[in-house]
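Working notes for the structure below.
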Amino acid sequence: MTTKKHDEEAAEETKAAAKPKAKKPAPEPASGKEAVAENGAATAEPAAEHPAKKEPKERTFVDAKTGKAIAHPHQGGSGAEANQAAREEMHSARNGSALPFRIGAAVLWVLGIVCEIMAVLVMNGTLFLPGPGASTWLIIFLVVDLVMVVIGSQLWKRANHLAPASKENKLSYWVQTDLGVIVAAIAFAPVILLLLTNKDLDKGTKKAGAIVAAIALVAAVASGIDYHPATQEDLDQAEAGAAVLSDDGLAYWTPFGEVYHFNPDCQHLKNSGTIYSGTVQDALDAKRTRGCSGCTVEDGTDVLSKADPAAVAAALANVVKVGGDNGSVGGSGAQEPGEGEDDAWEGLSEAA
């Protein structure tokens with residue numbers, strides 16, 4: 001009996017060992033306020049690792065032409081995001097500013113060609129003028145022709161700097177940019193050709209007239225060439241950049257540099273003893289038609305938004321202002337409105 005009982009107990013223990021162990025029940029998910037509390041605690045630590053977002057710098061946008069503050073900067077340029085309406089408005093304003101210079105150039109060029117016609121008539125004997133001989137009148141008309149053409153070319157180049165041509169149409173761009181050269185050729189090349197082919201002229205008149213006309217042609221062509229031409233697209237980008245990337249709408253350049261800057265503390269200006277400042281148009285007039293790659297593009301390394309304000313202020317203290325009524329010689333610094341007028345009145349009072 002004892003043996004049988006012992007065998008039964010052993011069999012039960014074996015069955016119990018063979019049964020799988022019950023799995024531990026999974027914890028019930030937290031609900032309601034408990035879940036919110038746990039999630040809040042879990043996200044609190046990572047949020048604390050990131051510093052608070054820096055507030056954007058408050059900036060004032062100034063029109064580069066008028067110097068007046070504007071509510072919204074013009075979005076010029078030739079990119080896909082450029083505002084076409086704003087660009088057309090700028091082009092219209094520029095053309096209006098350039099129109100008087102174009103009219104003046106056209107009038108002077110017409111007078112120059114009239115002088116050329118008079119020279120040809122005198123040379124052929126068709127026109128008789130009392131006083132000096134025909135050869136003298138020929139030279140006088142050629143000299144007056146040269147003066148008219150040269151002054152007209154300078155006015156035309158000034159107009160092109162105010163309202164340059166677009167490079168989209170290559171023929172139109174070439175004609176507008178080099179019109180001074182074309183007019184110079186029209187004003188003197190025919191005279192030279194007629195002088196050389198006229199067999200009725202005496203050798204002295206022919207030689208003197210040909211030399212004067214050739215010198216006049218070279219001088220007129222040289223004065224008509226724009227050695228630093230700008231394009232409509234260049235000026236669009238410059239004005240748009242001045243409105244967006246320059247706090248005061250001003251540009252900066254050096255006496256011997258080739259580009260303009262919007263940051264007076266730009267690394268490319270560090271080694272310059274003299275830095276000039278003016279509007280974008282002043283920079284273009286100074287033949288700086290290209291912007292610095294570091295401070296006149298949005299992704300530049302030296303844009304004002306990344307600059308140290310103290311370093312910018314120190315650089316501004318030695319900037320020489322040019323253009324308008326702010327011209328000065330030497331380090332002028334950035335005066336507050338009316339500061340110069342107060343100093344002038346104090347000087348007058350002491351003198352009195």
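The values are calculated or read from the model by the stated rules, or taken from the named source; none is laboratory data. What you see is a predicted model; the values in this text were computed from it and never measured. Every residue, glycine as well, gets a Cβ built from its backbone with ideal geometry; the counts of neighbours run over all protein chains shown. Accessible surface areas use protein heavy atoms only, side chains included; no ligands, DNA or RNA. Shrake-Rupley method; radii C 1.70, N 1.55, O 1.52, S 1.80 Å.
Tabulated data for the structure shown
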item	result
Cα pair count fraction exceeding 20 Å, expressed as % - the stretch 98-224	45
Heavy-atom SASA rank of 285, 226, 202, 299 (probe 1.4 Å, accessible area, largest first)	299, 202, 285, 226
Flagged links, alpha-carbon separation over 23 Å, of 167/306; 167/321; 157/270; 157/287	167/306; 167/321; 157/270
Residue 272 - accessible surface, heavy atoms, 1.4 Å probe, Å² rounded to 10	40
Sequence of 227, 252, 173 from largest to smallest accessible area, 1.4 Å probe	227, 173, 252
Relative contact order of the stretch 98-224, pairs being alpha-carbon contacts under 8 Å that are 6 or more residues apart, as %	32
Cα gyration tensor shape for the stretch 219-258, rounded if a/c is under 1.5, else prolate or oblate	oblate
Dipole magnitude (debye, nearest 20) for the stretch 98-224, charges at Cβ of Lys, Arg, Asp, Glu	200
Dipole of the stretch 123-256, positive direction: furthest Cα of 255, 201, 161, with charges on the beta-carbon	201
Surface accessible to a 1.4 Å probe, per residue, for the residues of the stretch 98-224, Å²	51
Fraction of accessible area attributable to carbon and sulfur, the stretch 98-224 (%, probe 1.4 Å)	76
